[in-house]
Amino acid sequence: MAKIDLSISNLDSLFPSDFTQEQIAKGKTVFLKELSLRAHKFYGGKMMTVPKAGIFGFNWFNVWYTPGVSKISTIIRDDNDMSFPLSNRSNLVAVVSDSTRVLGDGNCTPPGGLGVMEGKAYLMKYLGSVDGVALCINSCNNDGDHDPQKIIDFVKMLEPSFGAVNLEDISQPNCYKVLDTLREECNIPVWHDDAQGTGCVTLAGLVNALRIVEKDIDKVRIVFYGAGAANTTIARLIIAAGGNPENMIMFDSRGALHSGRTDVEADERFYRKWELCKITNPDKIETIPEAMKGADALIAVSRPGPDVIKKDWIRVMADKPIVFACANPVPEIYPYAAKEAGAYVVATGRGDFPNQVNNSLGFPGILKGALMVRAKKITDNMAIAAAYSIANFAEKKGLTPDYIMPTMDETEVFAHEAADVAMQAIKDGVARIGMDRETVYSNTLKQIQETRSMIDLLMKENYIKTPDISMLEDALNVAIDAVK
């Protein structure tokens, strides 16, 4: 067992040498949860608000507030689009959730989602230099049911204050109506990261996995395990990027999707799922073992594992099979187990395993690109452009079975992504302003570097306190005891 340090760069080495791979995998999950609890208590959350304008003398208060600010109010009154250059709206995202589907924990009550939404805002700022505000809301109506219309109304009311909205952790099927309605009725981008974000980064990972195994996206057979907002959107984006829906089979909790699923057809709230029923699985294959025979890729976004995905399923797949096990916080099958069963490329949603297919690679750059050109929406073409931007960035670094995606410390990927998304927004006709690719790229990279320098300075000057190493040691001891 290695000595622990604040960087915790190699989690595996923290555990005793006689631990099995399964014990280490479980131990890491416990450790990260325990450390998260202690760190959140230590800091009291992880976001705060600080001014970005200076005070050079007492009268500057009269500039930033009354009477000087009256000039700003009347200019924006006469031209609402002036709110972008004259306020922080041009770089501000509302992170909105009713916390009914938080990671792998389900309905956590509205305040229960604050840790995740603050985390989203933290990643936006550090990775993309985008300001985010966590807004967890009560979507229940008088009968106690979660009403999607309440979320829709809330977002439409806050629209004038924000440059974009990131929807998060809204349960199925409400998430479909919320996103599709707001994308059409709002005049700023509304992005559902659980759906579109997961779809974008998964497509990026699949593109590079297929490059490694030398297979074409329009010819491969893909099995999807799980049919929630994430996987249905993943499938939709793969189809939009050239995948053949007739070579796809998706499973929900009741079985395989196909045109005979009258239960899905009968519930109009699940219209996105019914769309896939009509175009996938034409042979009406019903069982997982049958579907997996000869499949080239398995994309699982279902429930936390391990042992949700069986080794026997992987063993009957095609040559050089691709397995994405992306449930949080524990993948449906651990990577070592998937490889033992013959998987050639394995990805999960976690950063402590190779090939993290994580939304964090997507939304900071996507939202930044949309904000830079003041886009009115984020089109599917913009999401696909982001996916290929991510994939191409990794390809230039050199692909291997254990490197199909950039890592979050590869700063330039977010600037490239922002630039590619912005250019696609202009091409799709949803940008309010024009801008060349190099300007978007260089400005984004500069702002990200400035944000990180600011955080480094706050840490150096101890305005962001450094926790005692005992916090990490206590969390590690709990994890080791839990899995002995």
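Close contacts from region 76-101, counting a first residue that is free of Cβ contacts under 8 Å to residues at least 60 places away in the same chain and a second that is outside any helix (DSSP H, G or I), with Cβ to Cβ under 7 Å and a gap of 6+ residues or different chains, come to Asn88/Asp131.
Under the condition of being surrounded by fewer than 21 Cβ atoms within 10 Å (Cβ to Cβ) and in a helix (DSSP H, G or I), the residues counted in region 250-265 number 3. The listed residues are Met372, Met408, Met382, and the only one of them that is touching a residue at least 24 places away in the same chain (Cβ under 8 Å), outside the structural domain of Leu167 (by TED's automatic domain parsing), surrounded by fewer than 24 Cβ atoms within 10 Å (Cβ to Cβ) and of a type in the set (A, V, I, L, M, F, W, C) turns out to be Met408.
Within the set Arg236, Arg183, Arg221, Arg211, the sole residue that is touching a Leu at 6+ places or on another chain (Cβ under 7 Å), in contact (Cβ under 8 Å) with a residue 24 or more places away in the chain and charged (D, E, K, R) turns out to be Arg211.
Here Ala327 passes the criteria (1) closer than 21 Å to Tyr176 by Cα; (2) modelled with pLDDT of 95 or more except the one numbered (2).
Taking the criterion of being without any contact (Cβ under 8 Å) to a residue 60 or more places away in the chain, in contact with a helix residue (DSSP H, G or I) (Cβ under 8 Å, 6 or more places away or on another chain) and surrounded by 11 or more Cβ atoms within 10 Å (Cβ to Cβ), the residues of region 42-75 that qualify are Ile55, Gly68, Val69, Ile72, Ile75. Confirm whether Gly243 is outside any helix (DSSP H, G or I), more than 20 Å from Ser99 (Cα to Cα) and small (Gly, Ala, Ser). The answer is yes for Gly243. Taking region 266-280 as the range and being among the β-branched types (Val, Ile, Thr) and in a helix (DSSP H, G or I) as the test, only Ile279 passes. A single member of Arg236, Arg272, Arg221, Arg261 is under 30 Å from Ile152 (Cβ atoms), touching a helix residue (DSSP H, G or I) at 6+ places or on another chain (Cβ under 6 Å), modelled with pLDDT of 95 or more and basic (Lys, Arg), and it is Arg261.
Would you pick out the residues in region 314-341 that are outside any loop (DSSP other than H, G, I, E, B) and either within 18 Å of Thr232 (Cα to Cα) or within 27 Å of the chain's Cα centre (by Cα) (or both)? Result: Ile314, Ile322, Val323, Phe324, Ala325, Pro335, Tyr336, Ala337, Ala338, Lys339.
Among the residues of region 148-190, the ones that are crowded, with 18+ Cβ neighbours inside 10 Å and either in the same structural domain as Ala383 (by TED's automatic domain parsing) or outside any helix (DSSP H, G or I) (or both) come to 16 in all.
The values are calculated or read from the model by the stated rules, or taken from the named source; none is laboratory data. Predicted model only: the values in this text are computed from it and were never measured. Counting neighbours? That spans all protein chains shown, and the Cβs are built from the backbone with ideal geometry, glycine included.
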